[in-house]
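So the structure is just underneath, and the comments pick up after that.
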Amino acid sequence: MKKTIFASLIGGLILFIWQFLSWQLLNLHYSQNSYTANQDEIHEFLRNNMSEGEYFIKTVPKGASAEEMTALQEAVVGQPWMQIKYHEKWDMNFPMNLTRGFVIDFLSIFLLCWILSKIPDLSMGTAVIASLFVGLIGYLMGPYLSSIWFETDTIPDLVDAFVQFGLVGLWLGYFLGR
């Protein structure tokens, strides 16, 4: 168990460092958080016209009839649409977010270690491939599945999945395969 916890701590740290590099230093996710010169005007309009929540525009109100949904679907073809996540105040708890992020990274690698521990005679190649598959499953079921419906750019997420789980696979293959 000590070996698994140590492997998970180092593997979680690898994920955590890659995520910092990807989001901050390399700014791979800029396309997912782009700047608009109209942000002040948009912000002011939303602040005066929305309450906190997540919105999909255009849609029908909850409880709308099938006829209303069909009419909307026909009316919006070829028209602009958007998703909005509106928060009434910026209340970022940076230390807690970092802590929660690392705990998720650690837990993810702990679960991966459990999977790898079930493979007899674990080799470096098997650890890397299995780790890449876990990263790919996460990518396919999260960002990519969402992109099918909401036409988002997921290339940065795919890069993250391969790089961070490839690095973790190398670490786990080395450490657990001994």
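One table, with the values for the structure above:
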{"read-out": "Filter result (open to solvent by less than 60 Å² (accessible area, probe 1.4 Å) and of a type in the set (Ser, Thr, Tyr)) within segment 135-161", "value": "Tyr139, Ser146, Ser147, Thr154"}
{"read-out": "Flag if Asp160 is assigned to a helix (DSSP H, G or I) and either touching a helix residue (DSSP H, G or I) at 6+ places or on another chain (Cβ under 6 Å) or of a type in the set (Gly, Ala, Ser) (or both)", "value": "yes"}
{"read-out": "Segment 12-29, residues that are out of contact with any Ser or Thr (no Cβ under 8 Å at 6 or more places or on another chain) and of a type in the set (Gly, Ala, Ser)", "value": "Ser22"}
{"read-out": "Among the residues listed as Leu21, Leu28, Leu46, Leu13, the single one being surrounded by 12 or more Cβ atoms within 10 Å (Cβ to Cβ), touching a Pro at 6+ places or on another chain (Cβ under 7 Å) and either of a type outside the set (Gly, Ala, Ser) or in a loop (DSSP other than H, G, I, E, B) (or both)", "value": "Leu28"}
{"read-out": "Selected residue [within 19 Å of the chain's Cα centre (by Cα) and open to solvent by 100 Å² or more (accessible area, probe 1.4 Å)] from Lys85, Lys89, Lys118", "value": "Lys85"}
{"read-out": "Tabulated pairs, segment 74-93, first within 17 Å of Asn49 (Cβ to Cβ), second at pLDDT 90 or above and among the acidic types (Asp, Glu), C-beta under 8 angstrom, 6+ apart or interchain", "value": "Gln83/Glu54; Ile84/Glu54; Lys85/Glu54; Tyr86/Glu52; Tyr86/Glu54; His87/Glu52; Glu88/Glu52"}
{"read-out": "Some residue of segment 143-155 being without any contact (Cβ under 8 Å) to a residue 24 or more places away in the chain and of a type in the set (Gly, Ala, Ser)", "value": "yes"}
{"read-out": "Test: residue in segment 93-105 that is out of contact with any strand residue (DSSP E or B) (no Cβ under 9 Å at 6 or more places or on another chain), basic (Lys, Arg), in a helix (DSSP H, G or I) and modelled with pLDDT of 90 or more", "value": "yes"}
{"read-out": "Residue within segment 159-177 that is free of Cβ contacts under 8 Å to residues at least 24 places away in the same chain and over 19 Å from Trp18 (Cα atoms) present", "value": "no"}
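The values are calculated or read from the model by the stated rules, or taken from the named source; none is laboratory data. Source: prediction; values computed, not measured. Using ideal geometry, Cβ is built from the backbone for each residue, glycine included, and neighbour counts are taken over all protein chains shown. Quick note on the areas: whole protein, heavy atoms, side chains included, nothing else; ligands and nucleic acids left out. Shrake-Rupley method; radii C 1.70, N 1.55, O 1.52, S 1.80 Å.
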